[in-house]
Every structure is written in C-alpha cells, then in structure tokens.
Amino acid sequence: MRYFRIDYRNGKRRDSIVLEASSKIDAIKLFQQRTLGVMLSVKEVSKPLSIVMEKWIETFRSPVKNRRIAQEPYIAALRQIAVMLDAGIPINQAIEEAVRSTDDEMLRSILKNVLADVESGISLSEAVEPYGRQLGNLSLSMFHLGEQTGTLSESIIKLADILEQIQENRRQLIRATRYPLFTIFAMLVAFTVVILMVIPQFQELFAESGAELPYPTQFLIWIEHALVYYGPYILVGAFLMATGFSYLYKKYDRVRLKTDEWLLRVYIVGKVTHYAMIGRFVYIFNVLLHSGIPITDALDAAVGVVDNAYMRERLSGVKRAIEEGRPLYSGFEESNMFKNMITQMIKAGEQGGALTTMLEKVTRYYQNRYQYIVDNVASMIEPILIAAIAGFVLVLALGIFLPMWSMAEAMGM
C-alpha cells in the first residue's frame, strides 16, 4: 500500500490528512467519501511515523502474535471440535464451544475471528488462512482436505494425531537432555563461585610470597579479574550478540540457511535434528497422501513443518522433480537428505504401486533412529561431561597447588 497526503480547506480552515491507498485515484475517492472539505492538493508521502507507531502498538496489544500457537491447548481444541462435528453439531457451534473451553488467550482470539468469518458465510479453510503463521501450513491443508472430501471431523482428528506425535517427540528430547543440561549449568555455577570466592584468597597469599606464578594460576587470576571488573559488560555484550544474531537469523535467508546447515554438523544435535525433521516430513507426507491430497500439495504441507531452513530448502526439490515429470524417488535422491537405502525403498514402492506402504516403513525407520538417539543421548554426552569436569578440576588443581609447592620448596620444606 501507498500513502498520500491530501491538503484540503474546510471553510476558512486549512488542514491535511494522510490516507492509505493503492493509487492516487483511490486516495481521492476515499477523501471524497469522508466529505472533509474541498481538496487542494494530493501528494504521495512515505509511511508516517504516527501510523507506524499505531500499528506497532496495535500489534503489541493484540493477543494474536507472530509465532506458532501453543500446541497442547490447540490439540485439545481440535479434538473437541472433531468430537462435536462427529456428533452432528454444526461447525459454528463446535467452534463457539471450543472458544469457551480454552484458556489460551491467543487461541481464543483466533477461534473467535474464525467463528465470526464462518458465521458470515466463509468456509472454514478460508477463515483460518490468515493464521497460517500461527497454526501452520499443515493445519490449513487438513482443513481444506476435510472440506473437499466431506470428512472434516476425520481430517481434524488426523491433524490432532500428527501434532500430538510431533509434540511427544519434543517432550522426549527435552526429558533426555534435562540431566546433561543441568549438569553443565551446575558446573558453570561451581566454576564461577570458585573463581570469585576462592581464587582471591589464594591471590593474596601468592602476592605476599613474591614468587613467579605458573601459567595455570595466572589464567585463573585473569578469569577472576575479567569477571569482577568486566562481568556486567560481558553479560551485556553476550546479550547484544545473541539479540543481533537472532535478528540476522530471522531477517536474512542466507544467515538462516548457513546456520541451520552448520547445526546439522554439530555432534548429537545434527543427528537429532536430521532424524526428527526427516521422520516428521515422511510421516506427514504419507498421512496426507493416504488421505487423498494431491502429491504436490502433500509435499508442500510436509515441507512446511520442517523447522530447519536448510533441510526445508533441500526437501523442496522433491516437489520440483514431480512438477518436471520425473519420478518421486529421483527428487528424494537429489535432495541428499536420504540414504541410498531409503531412496531404493521409495523407488520400489513407487514402481510397485505400494508407495504408502513403503513410506510407512521409512517412517518407522526414522522414528526408531530418533528414539535410539533420544534414549541414549545421556550416555553420548557423558564423555564430554567427564572431560569437562576433568579439565575443570585439573585447571583448579594446577592453578592452586603449583604455586603452593613452589612456596614450600622456597621455604625449604
């Protein structure tokens, strides 16, 4: 949209107004509809700061945020709506009851807006389309499928099942990483306490001796000095760096792609991300394909739930292969996201007319691989934790005891 400032006269008083319109003619029509006075001039201007601030305040106050909705209340609302639809209750009454039942403010606001659109005669799939960022492309596809096939309640139940499976995978990963993360946090706290409270006491003792301090001790004193005198600046700098990187990650596709590609190479994190995203992609693609959605639409929806930008870009090539008239397995092969065994399984299923059956086996393979890593993540991280603890103890021991031994030798003990 463009902005136009219109100067006008109302009696003896001159005034101006800024209107938002697609063209100068539309701006003049809007002004004439308001009957503010006699128009004197029309000039295109940049977006006024007052409008920017007004929209920012409106966005800030709005319960509908530019992020994904909380999954647990959303899944509960979906199941409630599906049960009521299956019982023969009209869609508007089912949504209205879901509005009353949910405690999530953002979900309640979205459902209210969807209910108003549905009662005005708009279909459910059209009503939820403006909330693709909040609900996800998968939700839009399933709602559209349900209305097209006349099985809206079944589509909503399948959608709830898929979202619940994704949510359960996330819970498993959080549970598996809780102990290692707590251990790392405890080590950092212990190291900071020792540096800030123990090292200064020994520093005074070492200074009185006048002996030359070994490098481990100098290192500990340097860290203590940095934390005491520059600690707040370090925290502020870390916060600014994290904020800046987050902005660049969201703003620029190249930064997001490179970061997500690098994450796939990180120990444990890369494998967990790969198996989780690929398993989710294949599972949703198979469910949608089995439900009757066209293969290109099913691929779009499946790619949309992949959070890793690099993997999402590579998997988008599968759809291009279909659009170019090539077989599905060639798109899987060119993505470089699947092992040769998987592409051969897809090829066999596609050529043998049992694609969905083969996709189910592929889904189980990735789910089993993901489950194995989640179940053993603590034992995989354990060597790193042991090495970190050993390094922590070694640095402290060398930094404290080496100068004490030097002092003892100097005193002839």
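Here, each number is a calculation from the coordinates, and none is a lab measurement. Small disclaimer: the values here were computed from a predicted structure and weren't measured. We place every Cβ from the backbone using ideal geometry, glycine too, and count neighbours over all the protein chains shown.
Below is a table of values for the structure above.
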| read-out | value |
| --- | --- |
| Residue-span extension gain [residue 194 to residue 262] - 0.36 nm each, minus C-alpha spacing | 21.1 nm |
| Span-rule helices in the chain, defined as complete DSSP H runs reaching 30 Å or more along the axis (Cα) with Kyte mean at least 0.5 | 215-251, 269-291, 355-410 |
| Two-site FRET efficiency, residue 22 against residue 181, from Cβ-Cβ distance with R₀ of 56 Å, rounded to 0.05 | 0.60 |
| At most 15 other Cβ within 10 Å, DSSP loop - chymotrypsin sites (Phe, Trp or Tyr not before Pro), region 203-311 | 252, 267 |
| Three-way shape call for the chain based on the alpha-carbon gyration tensor, with the a/c threshold at 1.5 | oblate |
| The chain: most fluctuating residue of 182, 31, 392 per GNM, C-alpha cutoff 10 Å | 31 |
| Relative contact order computed over region 71-135 (Cα-Cα under 8 Å; 6+ residues apart), in percent | 26 percent |
| Among 125, 222, 145 - extreme Cα towards positive end, dipole of the chain, charges at beta-carbon | 125 |
| The chain: calculated mean residue ellipticity at 222 nm from DSSP helix runs of at least 4, using -39500 (n - 2.57) | -25500 deg cm²/dmol |
| Residue order, fewest to most surrounding Cβ atoms within 10 angstrom, among 16, 125 | 16, 125 |
| Rounded Å value of the spacing that divides the Cα centres of region 140-175 and region 219-265 | 37 Å |
| Most mobile of 77, 321, 390 in a GNM of the chain (Cα contacts under 10 Å) | 390 |
| Trypsin sites (Lys or Arg not before Pro) restricted to DSSP loop in region 237-329 with at most 13 other C-beta within 10 Å | 265 |
| Reference-scaled alpha-carbon Rg (2.2 N^0.38 Å with N residues) for region 71-135 | 1.02 |
| Near-label residues of region 71-102 by backbone N, under 11 Å of a point 7 Å along Cα→Cβ of residue 167 | 71-80 |
| Computed magnitude of the charge dipole of the chain (debye, nearest 20; Cβ of K, R +1, Cβ of D, E -1) | 1400 debye |
| Computed over the chain: relative contact order in percent, which uses C-alpha pairs under 8 Å that are six or more apart | 13 percent |
| Of 94, 242, 276, the one that fluctuates the most in a GNM where the chain has Cα springs shorter than 10 Å | 242 |
| Reachable lysines, given that their alpha-carbon falls under 22 Å from the alpha-carbon of residue 29 and they are not under 8 places away in the same chain | 43, 47 |
| Partner lysines for residue 339 [C-alpha distance under 24 Å; skip if fewer than 8 residues away on the same chain] | 258, 271, 319, 347, 361 |
